[in-house]
1. Compare A:Phe15, A:Phe75, A:Phe47 in a GNM of chain A, Cα atoms joined below 10 Å, and give the one with the largest fluctuation.
2. Counting only DSSP beta bridges with both residues in the stretch B:3-110, tell me the antiparallel percent, nearest 5.
3. Once you charge only the Cβ atoms, +1 for Lys and Arg and -1 for Asp and Glu, what is the size of the charge dipole of chain A about its Cα centre, to the nearest 20 debye?
4. To the nearest 100 Å², how much accessible surface do chains B and A hide from each other in total, with a 1.4 Å probe?
5. Can you send over the solvent-accessible area of A:Thr26, 1.4 Å probe, protein chains only, in Å² to the nearest 10?
6. A 26 angstrom limit on the alpha carbon distance is what I want to check against. Which of A:Lys44/B:Lys9; A:Lys52/B:Lys65; A:Lys38/B:Lys106; A:Lys44/B:Lys106; A:Lys38/B:Lys74; B:Lys15/B:Lys65 exceed it?
7. Quick one: which residues, 5 or more positions from B:Glu32 or on another chain, have an amide H under 5 Å from its amide H? H modelled 1.01 Å from N in the peptide plane, none for Pro or chain starts.
8. Calculate what fraction, in whole %, of the accessible area of the stretch B:68-111 sits on carbon and sulfur atoms when a 1.4 Å probe is rolled over the protein chains.
Amino acid sequence: DAMVIQNPRYQVTQFGKPVTLSCSQTLNHNVMYWYQQKSSQAPKLLFHYYDKDFNNEADTPDNFQSRRPNTSFCFLDIRSPGLGDAAMYLCATSSFWGRLSPLHFGNGTRLTVT
Amino acid sequence: AQRVTQPEKLLSVFKGAPVELKCNYSYSGSPELFWYVQYSRQRLQLLLRHISRESIKGFTADLNKGETSFHLKKPFAQEEDSAMYYCALGVSGAGSYQLTFGKGTKLSVIP
């Protein structure tokens, strides 16, 4: 089945130690998104790629970076994780940029910062 | 700025009872609204969108621009409907498209 795959499912990192979360898709979708979801809160968009064009949300901290080396893969890099970055990180894709294209989500990576 | 409000964090209903999950939005333009659902241990997935005016798994949602609402309804709840439900608002801007989620409502259907 075509899908969005996030690895790992659970990630533990130390305060200040860089960490990378990965996302791959077999849907061949143009757009890939990274959302952060903290407990009991709404998923919050961090950034997205339309093909190779990177779009950062205005309030996304500089500590968060992303890479998309090809259509299938997208990475979320957290340069110096703080305790406040502990959250579920959701990767999603959509088939084209714009209206009414549904998002296809991965299972998420739950990040713990110790 | 756009905003989505789901006033109920948790909603418990008995099997067979009607369900209404509330969603209100704040947006000055023409909204595009969605309901996403997350079943236990599964990924977040699209349930329905307002433009389609469809019924999925017995759920419907009508956009009421006057009340800025997009409530999700089902006449008879089933146990398998227990899940987390998120209302989302899609907004197109200058070269961008953003999907804003509400905080979600956890629906628990009691057998």
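1. Checking each option, the largest mean-square fluctuation is seen for A:Phe15.
2. Working: 31 of 36 bridges.
If we restrict to bridges inside the stretch B:3-110, about 85 percent are antiparallel.
3. So the dipole magnitude of chain A works out to roughly 200 debye.
4. 1900
5. Counting only protein heavy atoms, A:Thr26 exposes about 90 Å² to solvent.
6. In this structure, A:Lys52/B:Lys65; A:Lys38/B:Lys74; B:Lys15/B:Lys65 lie more than 26 Å apart at Cα.
7. B:Gly90
8. Numbers: 990 of 1730 Å².
C and S fraction of accessible area: 57 percent.
The values are calculated or read from the model by the stated rules, or taken from the named source; none is laboratory data. Here the structure is a predicted model, which means the values were calculated and not measured. As a convention, Cβ positions derive from the backbone with ideal geometry for all residues, glycine included, and neighbour counts pool all protein chains shown. Heavy atoms of the whole protein, side chains included, go into the accessibility calculation; ligands, DNA and RNA do not. Shrake-Rupley method; radii C 1.70, N 1.55, O 1.52, S 1.80 Å.
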